[in-house]
Every structure is written in structure tokens, then in C-alpha cells.
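Working notes, structure below.
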Amino acid sequence: MSSDASSRLFDVAKRLMPGGVSSPVRAISPYPFYVSRAEGPRLWDVDGKQLIDYCLGYGPMILGHRHPEIMERVVRQLEQGWLYGTPSELEVRLAERIVDLYPSIDMLRFVNTGTEATMAAIRIARGYTGRDRIVKVEGGFHGAHDSVLVKAGSGATTLGIPDSLGVPKDTAKNTLQVPYNDLGAIEKVLTEFEGEVAAVIMEPVLGNIGPILPDAGYLEGVRKLTKDHDVILIFDEVITGFRLSLGGAQTHYGIVPDMTTLGKIIGGGFPIGVVGGKRELMEKVAPIGGIYQAGTFNGSPTSLAAGMATLDVLEKERILERLNSTGDDMRKALSQIVEDLGLNYSVVGIASTFKIFFGDAPKNYVEALSCDKAGYFAFFQRMLKSGIFLPPSQFETNFLSAAHSEDDINQTLEAYKSNLLG
Ligand SMILES: Cc1ncc(COP(=O)(O)O)c(C=O)c1O
């Protein structure tokens, strides 16, 4: 790949920002490509190279880049101003839509990122129950704050630092870990710490070392155990929300948690997070309750306008049905390629997510760690040379958007055929 300009920019960036980047997973070795523009399913780097994008901003861009309706609605909003420091009608209207779609959400608060949403959800659960401990699933990623940076997935696993330095021991000790797809482990921990656990927080489909799907009965079992032990169940649907179905994984699987966090897609590519839950929990949040959460940019009008436009397009054009069936076709075609090449790799995914694991399909974090990370990264580099941008890690989900055409997908499948073997 001709990448002179990217390489030069990275040389400067390394002096100015840790690892040259603003978020660790972007530090692609030997240097990341710098993007100058994006359109539909494509990115163009500063050297003019075109790439078909399956990273899609790590999930939010479900309609592809620069979708005209989102552009128009955001521009219209900008013309009305973009920060008021008072409520706007948009937040009421979008809150109504989200409450209608998510069975677990009676009330919500708009925040700016998924990280802020899970941070608030955990504080609300702790404030409501008066308990300090939480249970988290190993390899689950809920953003970059202290309570959840313990055996965390995503970039933390990719870079081999799932337990971050700087997290106080007194905080980490309150985060108990269980393997995914293991009901016995949850039962054990909830029994051992009876009366001490505020919440179980989990991605219903493990997206940040996967996708890894729940075994039949697993989510039902988690719901039952959390009810039996009087513990709040938080589904972190920052990835699964508006992707598995408009009502997220909870609607897809028919399991209603007590609280939900959302992000990514519902900001239409602009920063957003949502923390929501049952009325009795959310009524404990300031200003009506004693659990504090606040933010200058909460309910940012541009993010809400982009989110509302995204939801309108998804609903109006019944995009998820089409996209989910494209996902099925993609996974089938990839499985065939893997089989034809005689590789012992696994194709995983659900709805419009997919990935090839370089090894057996994992059921949990420990199994995911045993796949061929280095082999995957070399493959990622070869795909990049072929004009296909997959997330640069074995532990990140690949996403499809409504903008990927049949031709784009066929070109991608050809690239898989020629690059999987090396
Ligand atoms: C499931 C999940 N929760 C939370 C987050 C954090 O969201 P953000 O990056 O918007 O802070 C992520 C980010 O990838 C995520 O995948």
C-alpha cells in the first residue's frame, strides 16, 4: 500500500499522542492509515487509496458513511444551533422512541459515550441497592472506566492489558468475574456474595472478543438467577442495540433486563450514550433522586438529530431485515470458503455481524484467547493491501452496513479467498 502521507503523519503523531493515536485499537502496526474522507461503505486514505469498510467506526455507521438523510438532518440542526444548555424537543422525541422499543427502559438519560452510560448504570445500581460489588463477564468490554477495566475485551485484550494499571485495588476488588456461557459460575458468585452484589453487567452477545453467542437458555438462566438473588441485571447493548433488532438483543432473545445501556448506532455516528431502566431505578437519579449524573454535552442536539434520522431510515426502509439476511449470506459464503480451503477456522456472528476466528469457535474469553492472534493480524494486513478494511484485531467484531452492495461483498469474498491462506 502506498502510504507515504500516513507514515509521515504517524511520525509526528507519535511525538504528540501516546502511541500516536486517540484510542489504542487504532495504533495499527507499523502505522495506521489516515483517512481523508468516507462515503457509503468506503474510506479513502490520505494517499488516495480506497478501502471497503467493515469496521464502520466500530459499529455506529449501520447506514454507511455520509448517509444523505443523516447529513440533511444534522445540517438542519446545526442551522438551529448545536448546544443550548437547556432541554430540546429532540430529546423528548428520541426518548419516546427508545422507551417504545426497549422493554426494559421506562426512563432514560442521554449521555455522550457508551463508557459514560455503563459508568452511570453501575452507579445507579449501586446507589439503588446500597451494595458495592458488581459481577462482570470475562472479556466483556463496557468502556474505559475503573469498575469495568478488569479482564476487559476489545483493545484491552488485543494489547494484552485487560487489567489496566491505575485502577485502585479497592475498586477492582468489587468487580467479580464470571466466564460467559457458564450459569454455574454466576450462581456460585451470587451465592458466595449474597447480599453484596448490586448488579450483573453483561453484553448479551459478547461483542468485544467475538461475536460470541449465548448458548440456548443462558440469558434466560442469567435473568432467573439475578431475580432469585435480587440483583440488578444490566444489558450493555452498545453494540447489539438497534443492530440485532431495533429493540436490541433483549427483543431478539425475549429477555428483559432491569437496566440497559446503548450507544453507537443511536448517535448515527455522532457521540452518544444512553442509560435507561425501570422507573423505580431511574427515579433515584438526580435531580429527583440522590444518584448524581450530569454532563455539559448530555443530549447534544446534533447527536440526537443524527440518531433520530438513523432510526427513521432503519424503520422506514426496514433495513435490519435486509441487512440480517445479507449477514446470513455472508457467513454462509465465508464458511464455504473456509471449508474449501481446508482451514480449521470458524465463522461466527449474528444479524449483521461476522468474523472468522483463527481456531475453533469460542464459547468464552479463555477459549477466544487461544486463537491464532498473530495469524489473524497478518491476514488483516493482506486484506488491507487488497482494499478491505476489517477491524485490526482477532477480538473485534466485523460489521455490515446497508451501504455495502452485492458487488462490494463479492469483491470482499474474493479477497478472503486469496488472502486467507497467506
Ligand atoms: C459493549 C460496549 N459497551 C461500551 C462501550 C464503550 O462505548 P464508547 O466507546 O462509546 O465509550 C463499547 C465500545 O466499544 C462497547 O462495545
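Could you pull out which residues in region 400-422 have an amide N less than 13 Å from a spot 7 Å beyond the Cα of residue 341, following the Cα-Cβ vector?
Residues 412-422 fall inside that zone.
In nanometres, what is the gap between the two model label sites at residue 374 and residue 170, each 7 Å from Cα along Cα-to-Cβ?
4.3 nm
What 222 nm value per residue comes from the helices of the chain, counting each DSSP H run with n ≥ 4 as -39,500 (n - 2.57) and dividing by all residues, nearest 500 deg cm²/dmol?
Numbers: 15 runs with 163 residues, N = 422.
Value at 222 nm, helices only, nearest 500: -11500 deg cm²/dmol.
Going by the alpha-carbon gyration tensor, a ≥ b ≥ c the square roots of its eigenvalues, is region 1-77 rounded (a/c under 1.5) or, if a/c is not under 1.5, prolate (a/b greater than b/c) versus oblate?
In terms of gyration-tensor shape, prolate.
Once you compute Rg and the Kirkwood Rh from C-alpha atoms, what is the Rg to Rh ratio for region 176-229?
With Rg and the Kirkwood Rh in hand, the quotient comes to 0.95.
Using only the Cα atoms of region 68-315, each taken as one equal point scatterer with no solvent, compute I(q) by the Debye sum, divide by I(0), and report log10 of the ratio at q = 0.11 Å⁻¹.
-0.55
Under the rule a/c < 1.5 gives rounded, and otherwise a/b versus b/c splits prolate from oblate, where does region 336-385 land using the Cα gyration tensor?
Working: a/c = 1.36, a/b = 1.18, b/c = 1.15.
Here region 336-385 falls in the rounded category.
Would you work out which of 304, 351, 341 lies farthest towards the positive end of the dipole of region 288-358? Charges go on Cβ: Lys and Arg +1, Asp and Glu -1.
Towards the positive end, the residue furthest out is 304.
Taking N as the number of residues in the chain, what value does Rg over Cα atoms divided by 2.2 N^0.38 Å take?
On the way: Rg = 20.9 Å, N = 422, 2.2 N^0.38 = 21.9 Å.
Dividing the Cα radius of gyration by 2.2 N^0.38 Å gives 0.96.
Mind listing which trypsin sites (Lys or Arg not before Pro) in region 344-399 are in a DSSP loop and have 12 or fewer other Cβ atoms within 10 Å?
Passing sites in region 344-399 do not exist.
To the nearest whole percent, what portion of all C-alpha pairs in region 109-154 is separated by more than 12 angstrom?
Values: 628 of 1035 pairs.
So the pairs more than 12 Å apart make up 61 percent of the total in region 109-154.
Using a 1.4 angstrom probe on the protein heavy atoms only, line up 171, 296 by accessible area, largest first.
Working: 171 35, 296 105 Å².
Largest accessible area first, the list is 296, 171.
Using all C-alpha to C-alpha distances in region 297-422, build P(r) with 5 Å bins and read off the rounded percent in each one.
2, 10, 17, 21, 17, 12, 9, 8, 3, 1, 0
Can you tell which of 11, 146, 230 shows the greatest fluctuation in a Gaussian network model of the chain with Cα springs below 10 Å?
Highest fluctuation of the listed residues: 11.
Too long at a 28 Å Cα-Cα cut-off: which of 151/316; 224/373; 173/355; 188/264; 169/224; 188/278?
151/316; 224/373; 173/355; 188/264; 169/224
Taking the Cα centre of region 68-315 as the origin, how large is its charge dipole in debye, to the nearest 20, when only Lys and Arg (+1) and Asp and Glu (-1) carry charge on their Cβ atoms?
That gives region 68-315 a dipole magnitude of about 320 debye.
Once label points are set 7 Å from the Cα along Cα→Cβ at both residue 227 and residue 191, what is their separation, rounded to one decimal in nm?
Using points 7 Å along Cα→Cβ, the separation is 2.0 nm.
Determine the principal axes of the Cα atoms in region 111-240, then give the extent along each, sorted from largest to smallest and rounded to whole angstroms.
So the three principal-axis extents are 36, 33, 27 Å.
For the pair residue 26/residue 318, report the inter-label distance in nm, with labels modelled 7 Å from Cα in the Cβ direction.
3.9 nm
Could you provide, to the nearest whole Å², the per residue accessible area of the chain with probe 1.4 Å?
Roughly 42 Å² per residue, with all protein chains present.
Under unit Cβ charges (Lys, Arg +1; Asp, Glu -1), what dipole magnitude, rounded to 20 debye, does the chain have relative to its Cα centre?
Charge dipole of the chain: 760 debye, to the nearest 20.
Quick check on region 210-339: take the gyration tensor over C-alpha atoms, sort the square-rooted eigenvalues as a ≥ b ≥ c, and tell me if it's rounded (a/c under 1.5), prolate or oblate. Can you show the working numbers first?
Working: a/c = 2.61, a/b = 1.27, b/c = 2.05.
The shape class here is oblate.
So how do 259-269, 185-195 stack up, highest first, on mean other-Cβ count within 10 Å?
Details: 259-269: 28.4, 185-195: 15.5.
Per-residue mean Cβ counts within 10 Å order the peptides as 259-269, 185-195.
Per the 1.4 Å probe, what fraction of the accessible area of the chain, in percent, lies on carbon and sulfur atoms? Present the calculation step by step, with values, prior to reporting the outcome.
Details: 9310 of 17600 Å².
So the carbon and sulfur contribution to the accessible surface is 53 percent.
If contacts are Cα pairs under 8 angstrom and at least 6 residues apart, what is the relative contact order of region 295-360 in percent?
Reported relative contact order: 24 percent.
The values are calculated or read from the model by the stated rules, or taken from the named source; none is laboratory data. This one's a predicted model, so the numbers in the text were calculated from it and none came from an experiment. Heads up, the Cβs are rebuilt from the backbone with ideal geometry, glycines too, and the neighbour counts pull from every protein chain shown. To get the accessible areas, we keep the full protein, side chains included, count just its heavy atoms, and leave off ligands, DNA and RNA. Shrake-Rupley method; radii C 1.70, N 1.55, O 1.52, S 1.80 Å.
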